[in-house]
Amino acid sequence: MELLYLSRRDVEAAGVDMSEVLPAVDEGFRLKGLGKTEMPAKIGIHTSPDAFIHAMPAYVRGVEAAGMKWVSGYPSNPSRGLPYITGLLILNDAQTGLPLAVMDCSWITAMRTGASAGVSAKYLADPKSRIVGILGCGVQNRAALQALVRVLPGLAEVRCRDIVPSASERYIAEMSQLFPKLCFRTVGTDREMIDEADVVVTAVPIVRSPQPALDDGMLKPGGLAIALDYDSAWTPGAMRQCRFFSDDVEQLLETRKHGAYFAGIPDRVDGDLGELAAGLKPGRSGSGERYFSMNMGIAVDDMVTAPLVYRAAIAKGIGVRLPL
Ligand SMILES: NC(=O)c1ccc[n+]([C@@H]2O[C@H](COP(=O)([O-])OP(=O)(O)OC[C@H]3O[C@@H](n4cnc5c(N)ncnc54)[C@H](O)[C@@H]3O)[C@@H](O)[C@H]2O)c1
């Protein structure tokens with residue numbers, strides 16, 4: 001018996017892109033909404049106050065994807081020249097339970113996280129959205145923009161804000177190569193980033209005592225906020241002004257119980273992306289309301305993305321076979 005080992009470089013060389021990941025993640029949410037997934041709330045260990053290593057298992061019926069991601073997030077890593085997010089993913093054969101592959105999970109994490117932002121925008125953003133605000137010009141927001149352009153064809157302008165000015169400049173240099181028709185602007189304040197933005201995606205470090213920069217009244221009426229960074233960027237007042245959605249309500253409420261995060265979210269959560277994708281709840285309904293999507297990242301997203309990489313790697317003969 002053998003498994004396939006895929007390094008980060010192998011995963012990237014498999015050549016899967018957002019045009020495949022986005023529909024797969026959307027379908028994963030639909031199956032979740034229909035109750036066809038098994039996904040216990042993530043558990044984890046915390047080696048320092050703001051660091052985590054999480055175990056994220058899931059099984060997706062229909063796609064027959066099963067496995068687990070073991071992923072860490074260390075806010076102090078970038079200052080060491082290391083990525084914030086690192087880890088491994090085990091993909092299992094759903095029929096036999098055998099491990100099929102062990103692969104680096106950083107690319108998969110970014111792409112499925114970006115795709116989840118695309119799914120939020122598909123169901124909750126104004127379809128005529130023109131301006132997107134990006135807070136935190138790092139790995140996750142690179143992938144998020146790749147997804148947003150696919151669901152919001154009218155996007156014309158991207159306002160980029162990072163606490164490190166060179167990070168937003170690097171972001172613009174890279175993303176403008178991919179999307180030359182978009183107008184990119186570095187902005188020096190949170191206010192300039194959010195003013196007039198139809199969609200705002202935040203992906204700054206998750207810390208236990210955040211000082212959120214985005215307050216009530218800043219998101220324009222009709223706008224959509226997508227938080228990839230828990231409640232690090234938005235004040236309770238800002239979140240409570242919105243119709244509030246999440247990628248997993250159960251996990252959201254479970255995480256809130258532990259006390260460190262989500263104390264300021266609205267009492268009423270309007271639904272999750274699975275319910276929207278499955279058509280069980282209406283998404284965007286009026287033009288004057290503000291919308292919020294709290295996307296914590298769920299294992300279903302990983303498990304619908306990993307088989308795309310696995311199949312592409314097999315087809316291209318990429319990776320190293322290891323004895324089990
Ligand atoms: N929701 C999910 O599914 C999911 C998945 C992976 C990572 N994340 C989270 O996304 C966040 C970003 O991860 P990443 O991999 O993109 O990290 P990254 O280090 O690549 O990017 C983070 C960026 O935020 C900038 N930044 C830091 N503080 C800021 C502030 N106060 N205002 C503006 N910019 C600021 C940094 O300079 C950096 O450019 C982390 O909190 C991570 O835990 C979420």
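The values are calculated or read from the model by the stated rules, or taken from the named source; none is laboratory data. Being a predicted model, the structure only gives us computed values, none of them experimental. Methodologically, a virtual Cβ is constructed for each residue, glycine included, from the backbone with ideal geometry; neighbour enumeration extends over all protein chains shown. Note: areas computed on protein heavy atoms with side chains; ligands, DNA, RNA excluded. Shrake-Rupley method; radii C 1.70, N 1.55, O 1.52, S 1.80 Å.
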Projected onto their principal axes, the Cα atoms of the stretch 9-74 stretch, largest extent first, over whole-Å spans of 37, 33, 16
Select from the stretch 199-296 those GluC sites (Glu not before Pro) which occupy a DSSP coil region and have at most 16 other Cβ atoms within 10 Å, ordered by residue number. Glu289
Heavy-atom accessible area ranking, 1.4 Å probe, most first, across His46, His54: His46, His54
Set Lys122/Lys281; Lys69/Lys257; Lys42/Lys281; Lys69/Lys122, cut-off 18 Å on Cα-Cα distance; pairs above it are Lys69/Lys257; Lys42/Lys281; Lys69/Lys122
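Leaving out ligands and nucleic acids, and using a 1.4 Å probe, what accessible area per residue does the stretch 1-89 come to in Å²?
Here the per-residue accessible area is 49 Å².
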Per the 1.4 Å probe, what fraction of the accessible area of the chain, in percent, lies on carbon and sulfur atoms? 54
For Phe184, residues with placed amide H under 5 Å, excluding near neighbours: Val158
Report the Rg/Rh value for the chain, based on alpha-carbon coordinates and the Kirkwood definition of Rh. 0.95
Relative to the longest principal Cα axis of the chain, at what angle does helix 139-151 sit, 0 to 90 degrees, rounded to 10? 80
From the backbone phi of the stretch 212-229, what are the Karplus-calculated ³J(HN,Hα) couplings (6.51 cos²θ - 1.76 cosθ + 1.60, θ = phi - 60°) in whole Hz, Gly and Pro given as x? x, 8, 9, 10, 4, x, 7, 6, 6, x, x, x, 10, 9, 10, 9, 9, 10
Calculated P(r) of the stretch 97-214 - Cα pairs past 17 Å, %: 56
Karplus couplings for the stretch 235-245 from phi (6.51 cos²θ - 1.76 cosθ + 1.60, θ = phi - 60°), rounded to Hz, Gly and Pro as x? 6, x, x, 5, 5, 6, 7, 10, 6, 10, 10
Quick check on the chain: of the DSSP beta bridges with both residues there, what percent are antiparallel, nearest 5%? 50
With no solvent and one equal point scatterer placed on each C-alpha of the stretch 120-296, evaluate the Debye formula and give log10 I(q)/I(0) for q = 0.10, 0.12 Å⁻¹, two decimals. -0.34, -0.50
Fully extended, how many nm does the chain gain between Leu88 and Cys183 (0.36 nm per residue separation, minus their Cα-Cα distance)? 30.6 nm
So with the 1.4 Å probe, I'd like the accessible area per residue for the stretch 125-236, rounded to whole Å². 42
So the angle from the long Cα axis of helix 18-33 to the longest Cα principal axis of the chain, reported in degrees to the nearest 10, equals 90
Based on the Kirkwood radius over alpha-carbon pairs, what value in µm²/s does the Stokes-Einstein equation return for the translational diffusion coefficient of the stretch 30-120 at 25 °C and 0.890 mPa s? 170
The farthest towards the positive end of the charge dipole of the chain, of the residues Ser7, Ala173, Phe52, given +1 on Cβ of Lys and Arg and -1 on Cβ of Asp and Glu, is Ala173
Could you run the Karplus curve 6.51 cos²θ - 1.76 cosθ + 1.60 with θ = phi - 60° over the stretch 152-160 and give me ³J(HN,Hα) per residue in whole Hz, x for Gly and Pro? 10, x, x, 4, 10, 9, 10, 9, 10
